[in-house]
Amino acid sequence: MNDNLNANLYALFASRFPADRSACCIETHDGHYYSWDDLERASARIANLLASLGLEPGERVAVQVEKSPEALMLYLATIRAGLVYLPLNTAYRQSEIDYFLGDAEPAVVVCSPANFGWVAQSAFKSGTRHVFTLDELHNGRNSGSLLERAAHHPDQFQTVQRAGDDLAAILYTSGTTGRSKGAMLTHRNLASNAEVLHRFWHWQQDDVLLHALPLFHVHGLFVASHGALYSGSKMIFLPRFDSAQVMEYLGRSTVFMGVPTYYVRLLADPRFGREACRNMRLFISGSAPLLTETFTDFQSRTDMTILERYGMSETVMLTSNPYDGERRGGTVGVPLPGVSVRVVNAGGENCAVGDIGDIQVKGPNIFPGYWRMPEKTAEEFTADGYFKTGDVGRFDHDGYLSIVGRSKDLIISGGYNVYPKEIESVIDEMDGVAESAVIGVPHPDFGEAVNAVVVLKPGATLSESDVIQSLKARIANFKVPKRVHFVPELPRNTMGKVQKNVLRDRYA
């Protein structure tokens, strides 16, 4: 079978591996090196093991393991074998795992040895036939080690033929409202995005990606890892973000991707500056909004500008600030080539420049729908095929998109629409404020009252009335918070997004 005609995502990556397969593909923080040959052979062995289980193409492999090169090899082996990869956040506990496994009905579940007991229980209850751990138990009683089993299989494997529309992965959305939905991503969705980002971000084979993100999320798996795999570039794998460890490897890296929290922590390290970044080509931020202060502090400390972009589990990447050209703080850049982005009003008409509306998108990267939710899928697409992102934003005169918030975060107070991001931007500029989150809470008179939750910088002494008085001088009265709550930190999920649902519950 000719792999050139094979739309399997693995076939695409393999066609772009470096000519010298003995070159380093992944280097770990503890001094291990994996070549492109190692990646090819290990994924072949795991794919052969999966094939030996008699699985049908399209069956699901659910994975909840700690980050490691072997976890990436398991992902590649899964798609290589024509199966569907289902990554699960390592923070999920039993009730959450019960839901995901019950909904996705995976044929195979792979977990960490420490969780084997309760995960296996959940898996067998949902009809899963095979449960493995990725690595060995320390007490030596582990007949379920996937790597141990795979070691007995051949290190050659014919990548299974897949069509572009065949499923490659299912990603469960974080479920801040209602139950989590499984976003289905096809081989074409992922391939088209890897190709576009490769060109847009000027990836080169001699790039070195410093990889500090988790592997269960779009950002770490489908943006960072895919970027390096598609360009045949080396990755330095860190188990998690640790600013001291990142500092250690920055000098040998050229590309770094992070969530805003990573950049805040790097800027808190006095050693971080121009010299530390001398070899770096590109810093990318996403998964949550970057504060303007972080954007400008980074510029002045490093003489480099963070590139902010915008994407979702359902779409991978949609827009990006340019590689060449102005990277605008407070924006997520322009639509990527081949991706159509529009901002529409309540009547579905395109908004004028500067007007706020709902963001809708279309392109080869947009998912076909939610797993086993045809009604929900139908609701989320327009008659002309655009996906309703649930985000609210506006375009400026130069076509740069700014995200104003989630439509579900919109506050309607006394009949007026209030967009939290607008108020947060003003609060964040105040002396002494580290960051803020603006929410709506039930109010007998206004329907919803605007509330601000503020984190102060160390030593700052702002009061509630200070914040309110300052805002009254700068924004319309109906937008001014009725209450200001001070907290040591904002609740966040693992990707750094502020959990406004938690705040709404707390202050309701």
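The values are calculated or read from the model by the stated rules, or taken from the named source; none is laboratory data. Only a predicted model underlies this, so the values are computations on that prediction, with no experimental measurement involved. Neighbour counts run over all protein chains shown; Cβ positions are idealised from the backbone, glycine included.
Residues that are among the small types (Gly, Ala, Ser) and surrounded by fewer than 12 Cβ atoms within 10 Å (Cβ to Cβ) within region 86-102 comprise Ala91, Ser95, listed in sequence order.
Scanning region 454-508 for residues that are in a loop (DSSP other than H, G, I, E, B) and basic (Lys, Arg) yields a total of 4.
Residues in region 448-478 that are among the small types (Gly, Ala, Ser) and under 23 Å from Ile412 (Cβ atoms): 3 in all.
What do you reckon, is Ala449 part of a strand (DSSP E or B), over 30 Å from Asp297 (Cα atoms) and over 24 Å from the mean Cα position of the chain (by Cα)? When the stated conditions are applied, Ala449 passes them. Mind telling me which of the residues Gly338, Gly354 ends up being over 26 Å from Glu422 (Cβ atoms) and either crowded, with 19+ Cβ neighbours inside 10 Å or at pLDDT 95 or above (or both)? Criteria check complete, one pass: Gly338. Residue count for region 392-426, restricted to those that are farther than 22 Å from Asn350 by Cα and of a type in the set (Ser, Thr, Tyr): 2. Residue selection: Gly140 fails the criterion of being in a loop (DSSP other than H, G, I, E, B), at pLDDT 95 or above, surrounded by fewer than 14 Cβ atoms within 10 Å (Cβ to Cβ) and more than 25 Å from the chain's Cα centre (by Cα). Close contacts from region 444-468, counting a first residue that is loosely packed, with under 10 Cβ neighbours inside 10 Å and a second that is hydrophobic (A, V, I, L, M, F, W, C), with Cβ to Cβ under 9 Å and a gap of 6+ residues or different chains, come to Pro458/Ala434; Ser465/Val484. Contact annotation: residue pairs with Cβ atoms under 8 Å, 6 or more positions apart or on different chains, pairing a residue in region 223-234 that is within 16 Å of Asn365 (Cα to Cα) with a partner that is crowded, with 23+ Cβ neighbours inside 10 Å and modelled with pLDDT under 95, are Val223/Gly286. Looking across region 3-31, the residues that are farther than 16 Å from Tyr75 by Cβ and either in the same structural domain as Ser225 (by TED's automatic domain parsing) or assigned to a helix (DSSP H, G or I) (or both) come down to Asp3, Asn4, Leu5. Looking across region 268-282, the residues that are part of a loop (DSSP other than H, G, I, E, B) and either in contact (Cβ under 8 Å) with a residue 60 or more places away in the chain or surrounded by 13 or more Cβ atoms within 10 Å (Cβ to Cβ) (or both) come down to Asp269, Phe272, Gly273, Ala276, Cys277, Met280, Arg281.
One line per residue, one yes/no per condition, for (1) assigned by TED's automatic domain parsing to the domain that holds Leu490; (2) part of a helix (DSSP H, G or I); (3) buried (at least 22 other Cβ atoms within 10 Å of the Cβ):
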residue: His198; (1), (2), (3): no, yes, no
residue: His202; (1), (2), (3): no, no, no
residue: Leu213; (1), (2), (3): no, no, yes
residue: Phe222; (1), (2), (3): no, yes, yes
residue: Ile236; (1), (2), (3): no, no, yes
